[in-house]
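None of the figures in this text is laboratory data; all of them are computed from the coordinates on show. Note that the structure is predicted; figures quoted are calculated from it, not measured. Neighbour counts are summed over all protein chains in view; Cβ atoms, including those assigned to glycine, are modelled from backbone coordinates with ideal geometry.
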């Protein structure tokens, strides 16, 4: 156990740029730290040290099973827990400002941002949606596929588990955004002509019909946040803003309960009780009207 502890302690104090000769692998004109004698002190974070311990633990467990050693000492070594970086989610006001900018610019990804913010869809889920996933008559969306990067390929595959599949009700705000997207894509298809590639009817594509790289969606989200004059938050953190937006869009509590996946309606009503109607409507009122909507969600 002492050897493992000493190894982890030593690891935490080793510059990984030096150890892996990262700077030395750069072209001569781009070397700026370790290779020129100025250590950049790129020490492993607590999370990296913990990952090293966690990688060693199953290997020693296997050795115990094979009776090569008597005890898994890695499981006994404690390492400092990595600190979680808490990021404050956007308020309704900030989310409204973010959505107003792409709407005004007729951004082809406007509907994607609406679904991410209003339904809490993950990056791969929103990119994996097809037009068959949407039922405009019943106002429902079925989430069962996702777009993933696998090596050099972009794959359209089923979600990881059946529990991830779900029918979600679509507020009128989302339905209107999707209808706008359908019209945009129809225009893109006509403009592309023979260059258009029909990839299983994906809703969000490039102007030639090909799937969107998941990493590009993340970058475009950050770019649009900066353009709207907002602080940049990770795309995955938009999920925390979802409940506040549902209140602002005057979505019926029973509908919001399904979207938020609350087991009890009382949990949803707590969200609704926390914000005053006047406070939450103002940021999105003009936005809804710009889309030809009304204050109610029907």
Checklist outcome for this item: One finds, for residue 149 and residue 46 with R0 = 25 angstrom and r their Cβ-Cβ distance, a FRET efficiency to the nearest 0.05 of 0.35
Checklist entry - Taking Cα pairs under 8 Å and at least six residues apart, what relative contact order does the stretch 1-57 come out at, in percent? => result 40
Item to check | Difference of contour (0.36 nm per residue) and Cα-Cα distance, residue 19 to residue 213 | outcome: 66.6 nm
Checklist entry - In degrees from 0 to 90, rounded to the nearest 10, what is the angle of the helix 46-65 Cα long axis to the longest principal axis of the chain? => result 70
Next on the checklist: Based only on other Cβ atoms within 10 Å, what is the fewest-to-most ordering of 154, 233?
Outcome noted: 154, 233
Checklist entry - Taking neighbour counts of Cβ atoms within 10 Å as a proxy for exposure, in what order, fewest first, do 221, 136 appear? => result 136, 221
Checklist entry - Build a GNM of the chain with springs between Cα atoms under 10 Å: which of 175, 121, 11 gets the top mean-square fluctuation? => result 11
Checklist entry - So what's the angle, to the nearest 10 degrees on a 0 to 90 scale, between helix 214-227 and the longest Cα principal axis of the chain? => result 70
Checklist entry - What percent does the relative contact order of the chain come to when contacts are Cα pairs within less than 8 Å and at least six residues apart? => result 17
Checklist entry - By how many degrees, between 0 and 90 and to the nearest 10, does the Cα long axis of helix 92-104 differ from the longest principal axis of the chain? => result 70
Checklist entry - Using a Gaussian network model of the chain with C-alpha springs under 10 Å, which one of 217, 249, 195 is most mobile by mean-square fluctuation? => result 195
Checklist entry - How do 241, 206 rank when sorted from fewest to most other Cβ atoms within 10 Å of their own Cβ? => result 206, 241
Checklist outcome for this item: For the residue 6, residue 137 Cβ pair and Förster radius 51 Å, calculated FRET efficiency rounded to 0.05 is 0.15
Next on the checklist: Can you compute the modelled spin-label distance between residue 105 and residue 62, with each label point 7 Å from Cα toward Cβ, in nm?
Outcome noted: 4.9
Item to check | Fluctuation leader among 93, 232, 77 - the chain, Gaussian network, Cα springs under 10 angstrom | outcome: 77
Checklist outcome for this item: Note on the stretch 20-133: alpha-carbon gyration tensor, axes a ≥ b ≥ c; rule is a/c under 1.5 for rounded, else prolate if a/b larger than b/c, else oblate; result oblate
Checklist outcome for this item: One finds the C-alpha centres of the stretch 99-125 and the stretch 172-190 to be spaced, in Å, by 12
